[in-house]
1. Using only Cα atoms, what is the ratio of the radius of gyration of the range 2-160 to 2.2 N^0.38 Å?
2. Contact order normalised by length for the range 129-204, with contacts defined as Cα pairs under 8 Å and 6 or more residues apart; what percent is it?
3. Return the FRET efficiency for the residue pair ASP107, ASN360: r is the Cβ-Cβ distance, R0 is 56 Å, and the value is rounded to the nearest 0.05.
4. Under the 0.36 nm per residue contour assumption, what length would be gained going from the current alpha-carbon distance of LYS314 and VAL136 to full extension?
5. Quote the FRET efficiency, to the nearest 0.05, computed for ASN24 versus LYS270 with a Förster distance R0 of 30 Å and r equal to the Cβ-Cβ distance.
6. Around GLY161, with a cut-off of 9 angstrom between Cβ atoms, what is the net charge of the other residues, counting Lys and Arg +1 and Asp and Glu -1?
7. Can you tell me how the range 310-390 classifies by the Cα gyration tensor, rounded, prolate or oblate, using a/c under 1.5 as the rounded cut?
8. PHE129 to MET115: extension gain in nm, 0.36 nm per residue of separation minus the Cα-Cα distance?
Amino acid sequence: MEKILMIKYAELTTKKDNRNYFINTLEKNIMSSLSDLNIEIIKDYYRMFIITNDIDEATNRLKNIFGIYEIVPCIRSNDSSFDNICSISKDIMRDDVTFKVITNRSDKSYPIPSMELSRKVGGYLLKSFNNLKVDVHNPSVTLNIEIRREGVYIYTEGFKGMGGYPTGTLGKCLLMLSGGIDSIVAGYLTMKRGVKLDFIYFESLPHTSLEAREKVISLAKILKRYGNTGKLYVVPFTKIQESIYKELDPTYMITIMRRMMYRIGEKVAKRNKCNAIVNGESIGQVASQTLTSIKVVNDVTNYPIIRPLASFDKLEIIDIAKRIGSYDISILPYEDCCTIFVPTHPVINPNLEYARILENKLDMSLIDEAIENILTIKLNDNSVVEEDYL
């Protein structure tokens, strides 16, 4: 008899032919997260079991891994006899509570049917405690018994997992990461759908600071808690932004800036085999996020753009940011390139043809120059690596 962790899969249960691929990826993600805990993993089509000497620490880390529906500390025994089940159940049950017993008998060769076993174990417990009461509708404790071929698993409570799909099962995207509240939340929600992320950050030194870059690095590292992530691409955006500021209609500054970002983002996404670009836009939240603005900005690319926060309001986004631990970093007072050179009255409903005319006034070779000078940062150690984009 031993105490282990039972993992109940989340949306993996909707998969058929490639379910094993999702399970194997989840196993790799768990192994990566718990690599220092000396664990053993046993898995099959329906459950995963983790054997470790540090149940509490393993549970806390598993709560941050996508693809898990529930994490259940349980007692496992190779002896699935009725007497042994009763003995274990008595050890883990508390007195002076309401309870019910649920049996899941995946081993159909087991001689006692599920309903009958639940009833017999419940009767045994009622005789063993003075103040135990049955409540099948709203019990304070539910005793779960799972009968499998290799033995029996018994538990009373579990911890809710993150749900979603294991990170890395559904390809890779490029997240447009600013230092604000929204984009990091968009990245988190995208990872929940099984997507691995690379990051792109546009900086305008000296108008923005190195502290702003470190802030973005810290935000990207937060997402590493929830799954494997890629690299951060820092784009030198100063010349492009200064050119827009000096030469173009100020009301269209944000519109043209976003168009240039998407032109660069598409090239970086293709270079790194990202299937889509992700951003933190929420419809109508600011002038550049009206439907008209989104349409005009999107005109420069036919690459897929994912907006996980499109229908979220700001308070909902803030709630998620606080839950995942990014909010306090996001509100640090270091400006990014989206908050400098902001016009007093940015256009809300930009005209596409006029935007194209304005953009044609710019030196488009600045895009290639910016891409050529991208700084690529490995997030595990903040080291800079050389990559050729042109």
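Any read-out appearing in this document is the output of simple, stated calculations on the displayed coordinates, not a laboratory observation. Computed from a predicted model, the values in this text were never measured in an experiment. Because the Cβ atoms are built from the backbone with ideal geometry, glycine has one as well, and the counts that use them run over all protein chains shown.
1. Numbers: Rg = 16.5 Å, N = 159, 2.2 N^0.38 = 15.1 Å.
Normalised by 2.2 N^0.38 Å, the Cα Rg of the range 2-160 equals 1.09.
2. On the way: 81 pairs, mean separation 20.2, N = 76.
Once normalised by length, the contact order is 27 percent.
3. Efficiency for this residue pair is about 0.20.
4. Values: separation 178, 0.36 × 178 = 64.08 nm, distance 4.10 nm.
Gain in length upon complete extension: 60.0 nm.
5. Working: r = 28 Å, r/R0 = 0.94.
Rounded to the nearest 0.05, the efficiency is 0.60.
6. On the way: positive: LYS8, LYS63, LYS160; negative: GLU70.
Local charge sum for GLY161: +2.
7. Details: a/c = 2.42, a/b = 1.11, b/c = 2.19.
Oblate shape, in that a/c is at least 1.5 and b/c is the bigger or equal ratio.
8. Details: separation 14, 0.36 × 14 = 5.04 nm, distance 2.15 nm.
Residue separation times 0.36 nm, minus the Cα-Cα distance, leaves 2.9 nm.
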